[in-house]
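Written out below as structure tokens is the structure these notes cover.
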């Protein structure tokens, strides 16, 4: 049965690791600081090792027990599989979704990845039989579907560098047409060898759903289209300006959007500016703003599109378009840049916060997790009431594997009042004790259920407690 089709589709959650950044918050901070996110991973004195790469942090860490994965399987897993699981959790929490609430729902999982560089080492290993399951591309999505007990499609793609658009297009359509209640979309690439040009790691996971079901929204998706130029004269990778401009114009016609209303275009960097000039700059009364996150973070290949999308979401959330860096001279062959029809973004503004006290309740897997959340809350400064409400909606129901409970009171001062305790996950029993009536025995109140007033009270309490997982009628 299809869902209602009159509801917009939105991006409600984002998770990921980015070059030099362990989450979206760090990416926003560093982009708005005009930071260069490129760094190093290997010892510089090793032979044939590049000293510059867009390296993600913590790619070698994984809490396998939380996701129910055997320790030996973890040792033979492609880092991309591990990172997808962790970033999916982040995207769900970011959307205000408790993972338990997705159990049994028709939610699609779509992934794109490319260029696994250590697969052969584990495929051919005779030490363990976990190499194939640890490196099969299909497991990039199947592990997510299994962990969350999802009933929707679970498809992994061997992506090209624009694969993020293709999988987002598929996910958008299944949500828009009601085939799925929501979709988890991820693109990932992780380089553990130092061969090739200045490449970057990156993983981005999006949670997309209908606006009427979402607890938050980064942006509304008006349309997603991908296009392959087909056979043509010249290089296989050469951009055809006529073909590209025709495709872009048709896309805006289908979406019923005037290209002149577009303020900013995040570019891929494949010599597309002349084609953009044809579509966006006809009878335009102001310059078209353009930029590319590659100036900060390098080229993440299979993840490049969704990292660019992450930058755009940051711009929409903060009200500031991050500036391009490392820019010196305009290409003399790009007339639109020289004459000002297209303008590269080089400046930005800061955002303001409100001034309201907040109470936060949270749970995590470890004591260190609690402290990390409290540190993050303090760094946030004054929090919006909607953000606090989002956190409460997540943690009002227990998340399996979260072994600590905590609270924090934020009163606007430097000090955060907080406490936390270990939580084993056991459900406490409820006993009825009739003091003064002599010895008690099992089901001693059963006989009282024949009394209407007693039975009515018990049934009323049962209805109130049943959503909390307590069944008074069989206790």
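The values are calculated or read from the model by the stated rules, or taken from the named source; none is laboratory data. All of these numbers come straight from a predicted model, not from anything done at the bench. Backbone-built Cβ (ideal geometry, glycine too); neighbour counts: all protein chains shown.
State yes or no: is residue 389 at pLDDT 55 or above, under 20 Å from residue 26 (Cα atoms) and outside any loop (DSSP other than H, G, I, E, B)? No, not satisfied.
So for segment 135-150 (the condition being surrounded by 14 or more Cβ atoms within 10 Å (Cβ to Cβ), at pLDDT below 90 and not in a helix (DSSP H, G or I)), does at least one residue qualify? Scanning segment 135-150, I find at least one residue that is surrounded by 14 or more Cβ atoms within 10 Å (Cβ to Cβ), at pLDDT below 90 and not in a helix (DSSP H, G or I), so the answer is yes. Taking (1) under 30 Å from residue 36 (Cα atoms); (2) modelled with pLDDT of 70 or more in turn, residue 377 satisfies each apart from (2). Quick check, is residue 304 in a helix (DSSP H, G or I), surrounded by fewer than 22 Cβ atoms within 10 Å (Cβ to Cβ) and assigned by TED's automatic domain parsing to the domain that holds residue 53? Spelling it out, it is not the case that residue 304 is in a helix (DSSP H, G or I), surrounded by fewer than 22 Cβ atoms within 10 Å (Cβ to Cβ) and assigned by TED's automatic domain parsing to the domain that holds residue 53.
Filtered by the rule that a residue be in a loop (DSSP other than H, G, I, E, B) and either without any contact (Cβ under 8 Å) to a residue 24 or more places away in the chain or more than 27 Å from the chain's Cα centre (by Cα) (or both), segment 258-291 gives 258, 271, 272, 281, 282, 283, 284, 285, 286, 287.
Do we have residue 413 as at pLDDT below 85, loosely packed, with under 10 Cβ neighbours inside 10 Å and assigned by TED's automatic domain parsing to the domain that holds residue 394 here? Yes, satisfied. Of the numbered criteria (1) under 25 Å from residue 31 (Cβ atoms); (2) free of Cβ contacts under 8 Å to residues at least 12 places away in the same chain, the one residue 313 fails is (2). Taking the criterion of being under 21 Å from residue 55 (Cβ atoms) and over 9 Å from the mean Cα position of the chain (by Cα), the residues of segment 75-96 that qualify are 77, 78, 79, 80, 81, 82, 83, 84, 85, 86. For the residues 68, 96, 108, the requirement of being at pLDDT 90 or above, part of a loop (DSSP other than H, G, I, E, B) and within 30 Å of residue 150 (Cβ to Cβ) singles out 96.
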